[in-house]
Every structure is written in C-alpha cells, then in structure tokens.
1. Order 161, 177, 122, most accessible first, counting only protein heavy atoms with a 1.4 angstrom probe.
2. Normalised radius of gyration for the range 89-164, please: alpha carbon Rg relative to 2.2 N^0.38 Å, two decimal places.
3. Calculate the dipole size of the range 4-240 relative to its Cα centre from +1 charges on Lys and Arg beta carbons and -1 charges on Asp and Glu beta carbons; express the result in debye to the nearest 20.
4. Note down the accessible area of residue 15, probe 1.4 Å, to the nearest 10 Å².
5. Exactly which trypsin sites (Lys or Arg not before Pro) in the range 144-208 are in a DSSP loop and have at most 16 other Cβ atoms within 10 Å?
6. Give the ranking of 41, 103 by solvent-accessible surface, highest area first, calculated with a 1.4 Å probe.
7. Quick one: work out Rg over Rh on the C-alpha atoms of the chain, Rh as Kirkwood radius.
8. Averaged per residue, what accessible area in Å² does the chain show with a 1.4 Å probe, protein chains only?
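The values are calculated or read from the model by the stated rules, or taken from the named source; none is laboratory data. Since the structure is predicted, the reported quantities are computational estimates derived from the model, not experimental observations. For neighbour counting, all protein chains shown are included, and Cβ atoms are generated from backbone atoms with ideal geometry for every residue, glycine included. Surface accessibility is based on the protein's heavy atoms, side chains included, excluding ligands, DNA and RNA. Shrake-Rupley method; radii C 1.70, N 1.55, O 1.52, S 1.80 Å.
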Amino acid sequence: MRKKIVAGNWKMNKTQEDAKNLVEAVLSSCKDEAAVTKIFFPPMPFLGMVSSLVQGTSSFSAGAQNCHYAESGAFTGETSAAAIASCGASYVLVGHSERRQYFLENDEQLKQKIDRALGHSLSPIYCVGEQLAERNNHHYFTVIKNQLQNSLFHLSESAVLRTVIAYEPVWAIGTGLTATPDQAQEMHAFIRLALTEKYGIAVAQKISVLYGGSCNAKNAKELFACPDVDGGLIGGASLIAEDFVKIAHSF
Ligand code: PEP
C-alpha cells in the first residue's frame with residue numbers, strides 16, 4: 001500500500017514563535033496515526049526546532065524546502081543536504097515551481113539535488129508541473145514526462161522507491177484555481193504509467209504521488225478520493241493549523 005502524505009510548504013512565512021505555535025496547534029489536534037504521514041516544511045532557520053517538536057511522534061516529520069546540489073563549499077546563503085539531515089529532518093522539496101521560476105533551477109541541477117538528498121538519507125519530494133500555456137496547448141503530458149526523465153529516471157529501482165512525486169500544475173499554485181479531480185487523476189495516472197514503463201508495475205504502485213495547487217480544507221476530500229492521488233502538498237492552507245488538520249483528515 002502506498003504511503004498517504006499531507007505536506008505543508010510554508011514557503012517564506014512565519015517567525016520562530018509563529019512556527020512553534022503552528023506546529024504545537026497541529027500536534028494537539030491532528031491524529032498521530034501512521035496511516036497518514038504529515039510533514040512540515042518550515043523556513044530553514046526553524047528546521048531544527050520543528051524537527052525536535054515532531055520527534056517521538058509516529059506520523060509527523062520535518063523537511064526542508066530546498067537543498068544545494070553540492071556536498072559543501074563556497075555557496076553563501078545556501079544549505080547542504082548534510083546540514084538539513086543533521087537538523088533531524090527527513091524530507092526535502094526538490095524542483096518546486098517557485099525555485100524553477102525565480103532561481104532558474106534546471107533539470108540537471110534538480111537531478112543532482114535528488115542524488116545529494118538521497119546520499120544523506122533524505123527523501124526528496126520531486127515537484128513537477130506544467131505552465132498554463134502548456135496546458136492550453138496540450139503539451140502538458142510531454143512537459144511532465146521530460147521533467148521525470150531528466151531529473152528522476154536516472155535513479156535505480158531501490159533509490160526511486162525512496163522518493164515521492166508531487167504533481168503541481170503551476171497555474172494552480174497560489175491562484176485559487178485548483179485542478180479538477182478529473183484533471184488531477186488524469187495526470188497522476190499518467191505519472192504512474194511513466195513509472196510503470198520505466199520501473200515496472202510493482203515499483204510504480206509503491207511510489208506516492210501528491211497533488212499540489214490551491215488544495216484546501218474544502219476540496220481535499222474529493223482530490224484525495226482519486227485512485228492515484230496519494231495526498232497533497234499544501235501551500236497557503238498549511239499556514240492555518242485548523243485547515244491543515246482538516247486536510248490531513250480528508251482521506
Ligand atoms: C505549493 O506551494 O506547493 C502550493 C501548492 O501552494 P498553494 O497550496 O498555496 O497553491
């Protein structure tokens with residue numbers, strides 16, 4: 001059975017005190033059941049604190065929103081996978097569309113980031129997604145296939161099993177324009193098919209594929225009911241404890 005995951009990407013929001021309050025509020029009202037993994041992705045300065053707060057729970061984890069592709073070195077302002085792992089985090093987001101757009105991260109760098117994360121026992125959540133124009137001109141399957149092939153499909157079977165994929169149509173992120181359940185299921189099934197062609201059905205059936213893009217407490221249930229949607233990567237709605245808890249209880 002695939003892992004069900006609800007992950008909160010806080011982006012560049014919250015202070016240290018807000019971060020502590022948010023995690024504590026979620027921990028006090030969200031079921032700590034292994035059936036659904038809940039992951040917090042706070043800004044980097046709070047990663048150690050958030051990792052400590054979730055330590056000892058059975059279903060909560062912490063992760064970083066990004067890591068550098070190099071092992072270490074003269075990259076002022078950047079954070080290595082080794083540093084992230086040493087904070088007690090278990091996951092790292094790779095290839096979020098905001099990183100691709102504003103920091104010009106390319107598929108080759110993302111491939112190296114995935115390798116670096118795995119090398120430090122972090123599970124990468126690899127984000128893929130098409131732009132609105134690519135959806136409108138029906139190129140979206142090709143775009144997603146290329147993103148998978150260029151940054152993920154070099155992995156061995158055992159390595160790819162340690163990854164998670166997040167399908168995040170760029171036109172749905174932070175816009176209030178959620179993909180319909182039919183649109184989400186169509187793309188998740190396509191991703192599952194691409195995994196099957198590359199790694200075989202047994203592997204493809206074990207990799208969680210999350211939906212992200214204006215997923216909230218109102219629409220999570222119908223999105224998570226889709227057979228190939230294994231949970232969500234949540235931005236805006238993860239900043240409000242009550243909403244994040246509702247989403248985590250939407251399976
Ligand atoms: C995201 O940033 O990954 C995201 C899905 O954001 P939002 O939920 O706000 O659209």
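1. Numbers: 161 70, 177 100, 122 0 Å².
Order by accessible area, largest first: 177, 161, 122.
2. Values: Rg = 12.7 Å, N = 76, 2.2 N^0.38 = 11.4 Å.
Dividing the Cα radius of gyration by 2.2 N^0.38 Å gives 1.11.
3. Working: 19 positive and 22 negative charges, 40 e Å.
Roughly 200 debye, rounded to the nearest 20.
4. 70 Å²
5. Working: sites: 145, 162, 192, 198, 206; in loops: 162, 206.
In loop regions of the range 144-208 (DSSP not H, G, I, E or B), the sparsely surrounded trypsin sites (Lys or Arg not before Pro) are 162, 206.
6. On the way: 41 0, 103 120 Å².
Highest to lowest solvent-accessible surface, that is 103, 41.
7. Details: Rg = 16.7 Å, Rh = 17.9 Å.
Using Cα coordinates only, the ratio equals 0.93.
8. Details: 10890 Å² over 251 residues.
For the chain, the per-residue accessible area is 43 Å².
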